[in-house]
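Heads up: the structure comes next, in structure tokens.
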Amino acid sequence: MRVGWCGFFSREWLWVLVWVLLMLATSGCGSRMVGLPQTQRQTPEDVLRGALRTLREATPSQATYINAVQQLNTYLSLIEQERPDWRLSEQARKVAQELTAGLPPRSIKRASGEEEPFTQEYQLRTLEQLAFDAVDAAYLNRAFLFQDALEELQEDVGRPPREPGPEQQRWQRRLTEHAFAWCMRHVQYQPRRTGMDTWPAHEVLRRGTGDAEERALVYLALLEQSDLVAAAVLRRSPESTSEEPIYSLWLVGVLIGDDLLLFDTRRGEMLRQDNGEPLTLRHLLNNPATLDRLPDAERPKPDELKELRLGLFTELPALSPKMETLEKWLGAERKVRLYVQLEKRRQELQQAQLGIPVIYWRDRQRSWFPAMCTARFVINPLRQLRYQPRVVVESDFQGRNQVRFLDGPIVPRTYWVPRWALEIAEHLPPYAADRLFRVFDNLILKLRIEPGGARDLLVRGQVLQALAELDRTQRDLDEKLAVFYRRMGGDFSVTADQDPVVALRNKWAPEIIRAYQQHEELRRASVSRDPALAERLSKLSSQIEALWKQYTATLYYLNYDWAAPELLEQITYFTALGRLDLAIRNEMRLPDNPSPARLQEIRREYETAVYWLKRYQALTATRSRRQWAEAVQQLLPLAEQGVLRIQARLAGEPIPASRDHLPYLVSVSKEP
């Protein structure tokens, strides 16, 4: 079976192309850099200011972080005599060695002559290189996304008390609960596809679905931008041996004072005692009977509590001195945590004296996990599905090639595109098949994945901007469909006014399939030795381009028509989620004695969220594919309770809730 990636200009190819260019231009030890060409007008300081200005953009785009990395590398190439010292400290090197200990220790050369990136020597050298690469660009994408999200969540909770003590711990607890509930709302529980890598946290958050492990990565990445110390609570796996213990994720713990609050990312709940108070790690260890509150499948035996570990990790680029320098360059004007002192966090956990060893977590079965999730995603050594579908070319029993599509996690091409269009694509070469659906793919990817898109704005905490972008997307879709249906509404009884879709299927499709077949036959021939064949190939290529241009408009509007049901589902769900976020945020920011008008405004926000959640249910009621059905079912009671809670306040009824307990925190994930 031969596999070809859909679309030379797809998002996957963009990252691969950038990574290859950076790797080729930065080959060698300690001097890997690539950047923009120097202009006579730009000084090194101008280039650096341009890079920092790019990173400080409030609303980034798909190219923001790639452009910033190129500008930073240009700056470094212009200051050869004053380059910074980015060698790892002894302490940071030990941490990096521990997180990468599962990789082969020495450099490995592939048969192609390229260096294998997943070796310990390569990874450690990358941390010290005087250049930024594609993995660094993806890491910057991650850090800025979570910083933006955390900043909005912190504003919901209010200003933190300056002095240590009970008030500060109460504020920290409110923040951890609020952040956890936000993560669980935005990442619906969904088991991972068989054989699929764990995605990095920022990609999981934009995707909006994840299993317990991926949801934990999102929560930990969010808290990494704060001053709070969080860790994975690991339990010993049944496959462990005395010589080689294997630990897997059980819970997430956040250090408040000298104890850990515990969060279950599978069920989407903060663990609590019978009286409603948080179940802390210290209380759990001293009172094993509290394990009875956990489901049987997730409940460890009391003697297994002695084998628990607290696992610390971070994405590997966070240990690099280059990130520490870049964080200083950005300054207070763009607050973000790029450099993580993991050893300092380990010391804070050890000082709490919880009686559980603190380790640097690395999975013994996946040598790259969890510290190299971003690198694994960018480099993609197994060529796994990322966003878009993949074209798979198979040979039948007669040796004839057959093309079929495998849908990625984001773009459901084979579900919405009609069979007749897929059959046309299946008769085209893999590099041409994607061209039929490029607009379809881009519409969905822009909405769901791209920085600056509606989903990205929503998870950055920019709810009003996200709602405005969703409204703009809806209007654009309506306009394009109106034009398309007017084109389809002509008088087709007249031969000259033929239905363009019918013409595309009956006339254009056979012509372009035949042209590509001839093109492939000529391409396989030795055209370099026969000028006549080369000329025929050139003319045929021009003919193919003319055929594409002839039906560009028809294909453009058809793609909108095919994508419309998927876009409407996403727009409806994201609007409901945004309205719910807005209602919760406004409720949390209420003063002690809010005016009735303010309370009525918040009630309307909750009612609007209820409306959009029920609208989603009505929209997808007859569909077999309802991506957010479970999330809507779990969020609807939360929104309805918000309406009742605000109505009670308007009526002057007392609300039985302590000042420590956030009123909207209910289970938002169905127990699997």
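Residue under question is residue 62, and the condition is that it be over 30 Å from residue 365 (Cα atoms), surrounded by 19 or more Cβ atoms within 10 Å (Cβ to Cβ), of a type outside the set (D, E, K, R) and under 29 Å from the mean Cα position of the chain (by Cα); does it hold?
no
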Next on the checklist: Please count how many residues of region 512-530 are at pLDDT 80 or above and open to solvent by 60 Å² or more (accessible area, probe 1.4 Å).
Outcome noted: 5
Next on the checklist: So, residue 140, is that one over 19 Å from the mean Cα position of the chain (by Cα), modelled with pLDDT of 95 or more and open to solvent by less than 20 Å² (accessible area, probe 1.4 Å) or not?
Outcome noted: no
Next on the checklist: Test of understanding: among 558, 533, which residue is assigned to a helix (DSSP H, G or I), aliphatic (A, V, I, L, M), touching a residue at least 24 places away in the same chain (Cβ under 8 Å) and more than 30 Å from residue 631 (Cα to Cα)?
Outcome noted: 558
Next on the checklist: Here is a list: 422, 428. Which entry is open to solvent by less than 40 Å² (accessible area, probe 1.4 Å), at pLDDT below 95 and within 21 Å of residue 521 (Cβ to Cβ)?
Outcome noted: 428
Checklist outcome for this item: Scanning region 90-126 residue by residue, those among the small types (Gly, Ala, Ser), touching a residue at least 12 places away in the same chain (Cβ under 8 Å) and either in contact with a Lys or Arg (Cβ under 8 Å, 6 or more places away or on another chain) or open to solvent by 70 Å² or more (accessible area, probe 1.4 Å) (or both) turn out to be 101, 102
Next on the checklist: Could you tell me how many of the residues in region 149-199 are over 19 Å from the mean Cα position of the chain (by Cα), without any contact (Cβ under 8 Å) to a residue 60 or more places away in the chain and assigned to a helix (DSSP H, G or I)?
Outcome noted: 5
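The rows are residues; the columns are (1) free of Cβ contacts under 8 Å to residues at least 40 places away in the same chain; (2) in a helix (DSSP H, G or I).
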| residue | (1), (2) |
| --- | --- |
| 599 | no, yes |
| 606 | no, yes |
| 610 | yes, yes |
| 625 | no, no |
| 633 | yes, yes |
| 647 | no, yes |
| 654 | yes, no |
Checklist entry - In region 114-133, is there at least one residue being part of a strand (DSSP E or B) and at pLDDT below 95? => result yes
Next on the checklist: Scan region 220-228 and tell me whether some residue there is within 14 Å of residue 363 (Cα to Cα), surrounded by fewer than 18 Cβ atoms within 10 Å (Cβ to Cβ) and free of Cβ contacts under 8 Å to residues at least 12 places away in the same chain.
Outcome noted: no
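Which of the residues that make up region 356-371 are out of contact with any Asp or Glu (no Cβ under 6 Å at 6 or more places or on another chain), of a type in the set (A, V, I, L, M, F, W, C), assigned to a loop (DSSP other than H, G, I, E, B) and within 10 Å of residue 313 (Cα to Cα)?
Answer for region 356-371, where residues must be out of contact with any Asp or Glu (no Cβ under 6 Å at 6 or more places or on another chain), of a type in the set (A, V, I, L, M, F, W, C), assigned to a loop (DSSP other than H, G, I, E, B) and within 10 Å of residue 313 (Cα to Cα): 361, 371.
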Checklist entry - Applying the selection to region 442-467, what residues are among the small types (Gly, Ala, Ser) and either within 19 Å of residue 138 (Cα to Cα) or open to solvent by 60 Å² or more (accessible area, probe 1.4 Å) (or both)? => result 452, 453
Checklist entry - Can you tell me which residues in region 320-345 are in a helix (DSSP H, G or I), open to solvent by 10 Å² or more (accessible area, probe 1.4 Å) and under 24 Å from residue 216 (Cβ atoms)? => result 343, 344, 345
Item to check | Of the criteria (1) surrounded by fewer than 24 Cβ atoms within 10 Å (Cβ to Cβ); (2) over 23 Å from residue 260 (Cα atoms), which one residue 205 fails | outcome: (1)
Checklist entry - How about region 421-474: which of its residues are small (Gly, Ala, Ser) and over 30 Å from residue 56 (Cβ atoms)? => result 421, 425, 432, 433
Next on the checklist: I'd like to know if region 258-272 contains one or more residues that are free of Cβ contacts under 8 Å to residues at least 60 places away in the same chain, aliphatic (A, V, I, L, M), within 30 Å of residue 339 (Cα to Cα) and crowded, with 23+ Cβ neighbours inside 10 Å.
Outcome noted: no
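The values are calculated or read from the model by the stated rules, or taken from the named source; none is laboratory data. This one's a predicted model, so the numbers in the text were calculated from it and none came from an experiment. Quick reminder, even Gly has a Cβ in these numbers, built from the backbone with ideal geometry, and neighbours come from all protein chains shown. Heavy atoms of the whole protein, side chains included, go into the accessibility calculation; ligands, DNA and RNA do not. Shrake-Rupley method; radii C 1.70, N 1.55, O 1.52, S 1.80 Å.
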